[in-house]
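Working notes for the structure below.
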Amino acid sequence: MEKISVFSGLIAPLKRSNVDTDQIIPAVYLKRITKTGFEDGLFANWRQDPEFVLNQPQFQGAQILVAGPDFGTGSSREHAVWALRDFGFKAVFSSKFADIFRGNSGKQGLIAGVISEADTEAIWAAIDAEPGLNATVDLPSQKILVGELEVSFEIDEYTKWRLTEGLDDIGITLQNEAAIAEFEANRASWKPKTLPAKGV
Amino acid sequence: MSQKPLTLAEKLWRDHLVVKGENGAPDLLYIDLHLIHEVTSPQAFDGLRLAGRDVRRKELTIATEDHNTPTTDIHLPIVDPTSRAQVQALRDNTKEFGVRIHSLGDKNQGIVHVVGPQLGITQPGMTIVCGDSHTSTHGAFGSLAMGIGTSEVEHVLATQTLPLQPFKTMAINVEGTLRPGVSAKDIILAVIAKISTGGGQGYVLEYRGSAIRSLSMEGRMTICNMSIEAGARAGMVAPDEITFEYLKGRPHAPEGADWDAAVEYWKTLQTDEDAVFDAEVFIDADNLDPFVTWGTNPGQGVSLLDSVPNPDDISDPNEKAAALRALEYMDLVPGTKMKDIKVDTVFLGSCTNARIEDLRSAAEIIQGKKKADHIRMMVVPGSQKVRLQAEEEGLDKIFKDFGADWRFAGCSMCLGMNPDQLAPGERAASTSNRNFEGRQGKGARTHLVSPVVAAATAIRGTLSSPSDLEK
Ligand code: SF4
């Protein structure tokens, strides 16, 4: 996973609340056997509408999404995070996230930052005033800079640490590599191995 | 130094602890065996590729094809494109990463939870994981065996460890002697009906008592298999002479001095006398009847001698609502005798009840008998090896003479990911483990039963126990 610190990118508004994971990526896209390539499924139903925000020319290449409350509710599918990530998003902000979605985001290198509802409205207004605006996300100091506006966001310390260090679950476990190797060195030699044995 | 008495589950935890978690962080446990199949592994391998990681312990990893595989014409390409792609991905991934695989046609191909024990690679005292909830089956050997999700599959592939929060322990004491025609499946269906489908949540169950001790390994596997249907993370039975006898001489069992060392360790895998469980449940085996489900979750079961329950008699409002919904889906009327329920299909298969002993017990009942005309019976051995052994013993002939369909190994109608499905509205007596709405096909109605009840049902055409046949 890439380490995240301070980055700038195009910011887009998603003026809807209760965006559930079925909307983020409909079930028909879950049959894949890969872990990438889910960008085509992102908001697939909504994207059929030419008016949908992510279809508009000024928001092409957006990396930061600011959505209404209760984002990522519903089914626990990790694919919702994969789809946002594959589409190019590095951060999503909302005044409220579903817990599982927020957990999955941290594991996949996507910032899910909590901002107040007032700040959500303020950012939307700033974008409306100047569509195609770039914003800067500063993870270490937990701030978003949108034009003149400076907004702080919440993220738990543990997730912030793993995002700034670029550590996925496996990366965190592998920090204990020495302990794993030591455990392996002490395992009984008769423990079964899957290498071909008698007659199989 | 006096040591705190431990339960079996706690001993296994202690013996696999790599790093103790601090400040609420999970413990890191070592995984002795990682079983893989085609449905939950493709994205895990893809994740490894994306991160440039390798499989840490190829020699502790083994794959088989089961969920999607056809049970007829196995020499032909798989018809459904999604199924075909998943199976092909498993073949490609195991080849690329150097993991042993048993593919369709191979004698060790079959349901992942049948293959491990049959190879003798499932042994007491191990931690075993698989991206499949019924991994609990392997707990029958006195191992800590758990189902995991795809992200965890990737984690185990890369690190051979898993971060886990400790769980609570529950003793399920089953004392007494089973009457003829009553089997392991009836014990576990009775346990689930007693503690409900959520009763085991957060627990590892240990099945104990004289009725469990006298069960064969097959019977113990049937019970541990369905621990997940009680909501438990895992189920286990302490190893004993029956366990050692089952393992001795199997391809991956230790030999010579290794065998002695292993048995010496295995014998320590007992819950200490003074150890305290977080919860205990008692079941009287003497008075147990054959058990069947009437509803759409495995906890909705009754004695085969009973009738379809009346939702009005259920006091809990949620359970009552669930019962009403279930009866509507199952098209059943309260008060109907379970034995009067007519079924269309009998499915003998799945990781719960498709081992050689299950096939033998069903064959014994149908031998020389005639199948009810309207019944379709499908027999799907749990593995290709079970199939071959059954053929050696002539069981296939008994099933075929009876008019049953003798198939190749796989999950088959247990979940209907391959073409083996029930039609909408079709009613089945099934030896599998889940009777959820639509599990065996859209609109399909499932009654969970033991292999001998399945056999008796195929003869009489209505849900029946073997004792109904003698009259
Ligand atoms: S037989 Fe059924 S329960 Fe068992 S692994 Fe296959 S699909 Fe799952």
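A short reminder: the numbers here are calculations on the coordinates, not readings from a lab. This structure is a prediction, so every number in the text was calculated from the model and none was measured. Here Cβ is always computed from backbone atoms with ideal geometry, including for glycine, and neighbour counts include all displayed protein chains.
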Sorted largest first, the C-alpha extents of the protein assembly as shown along its principal axes in whole angstrom are 88, 61, 52
In debye to the nearest 20, how big a dipole does chain A give about its Cα centre with +1 on each Lys and Arg Cβ and -1 on each Asp and Glu Cβ? 1160
Size of chain B along its principal axes in angstrom, Cα-based, largest extent first? 60, 55, 46
For A:A197 and B:Y329, what is the calculated FRET efficiency with R₀ set at 51 Å and r taken between the beta-carbons, to the nearest 0.05? 0.65
Taking the Cα centre of the protein assembly as shown as the origin and placing charges on Cβ (Lys, Arg +1; Asp, Glu -1), which of B:F97, B:V386, A:T73 is farthest toward the positive end of the dipole? B:V386
Can you quote the Å³ per residue value for the convex hull of the Cα atoms in chain A, rounded to an integer? 143
If you place +1 on the Cβ of every Lys and Arg and -1 on the Cβ of every Asp and Glu, how big does the dipole about the Cα centre of the range B:108-231 come out, in debye to the nearest 20? 400
Qualifying lysines (Cα of each under 28 Å from Cα of B:K168; at least 8 residues distant if same chain): A:K107, A:K191, B:K4, B:K11, B:K20, B:K185, B:K194, B:K267
Using a Förster distance of 22 angstrom, determine the FRET efficiency expected from the C-beta separation of A:S17 and A:L149, and round it to 0.05. 0.55
Estimate the FRET efficiency between B:E264 and B:D54 by the formula 1/(1 + (r/R0)^6), using the beta-carbon distance for r and 51 Å for R0, to the nearest 0.05. 0.90
How large is the charge dipole for the protein assembly as shown, taken about the Cα centre, if only the Cβ atoms of Lys, Arg (+1) and Asp, Glu (-1) carry charge, to the nearest 20 debye? 1620
One quarter of the C-alpha convex hull surface, i.e. the mean projected area of the range A:124-200 in nm², amounts to 10.3
Name the residue farthest towards the positive end of the dipole of the range B:137-223 from the options B:S143, B:M221, B:Y207, assuming +1 on Cβ of Lys and Arg, -1 on Cβ of Asp and Glu, about the Cα centre. B:Y207
Each residue of the range B:354-369 in order: what ³J(HN,Hα) in whole Hz does its phi give by Karplus 6.51 cos²θ - 1.76 cosθ + 1.60, θ = phi - 60°, with x for Gly and Pro? 9, 8, 4, 5, 5, 5, 4, 5, 6, 4, 4, 6, 8, 3, x, 9
Report the relative contact order of chain B, percent, no decimals, based on alpha-carbon pairs under 8 angstrom and at least 6 residues apart. 17
Which of the lysines could a cross-linker span from B:K95 if the Cα-Cα distance has to be under 17 Å and same-chain partners fewer than 8 positions apart are dropped? B:K58
Once amide H atoms are built 1.01 Å from N in the peptide plane, which residues 5 or more positions from B:E206, or in another chain, come under 5 Å H to H? B:M170, B:A171, B:I172, B:M236
How high is the relative contact order of the range B:57-133, in percent, with contacts defined as C-alpha pairs under 8 Å that are six or more residues apart? 37
Using only the C-alpha atoms of the range B:320-471, find the volume of their convex hull and express it per residue in Å³. 102
Along the Cα→Cβ direction, 7 angstrom out, place labels at B:D80 and B:L469. What is the inter-label distance in nm? 3.2
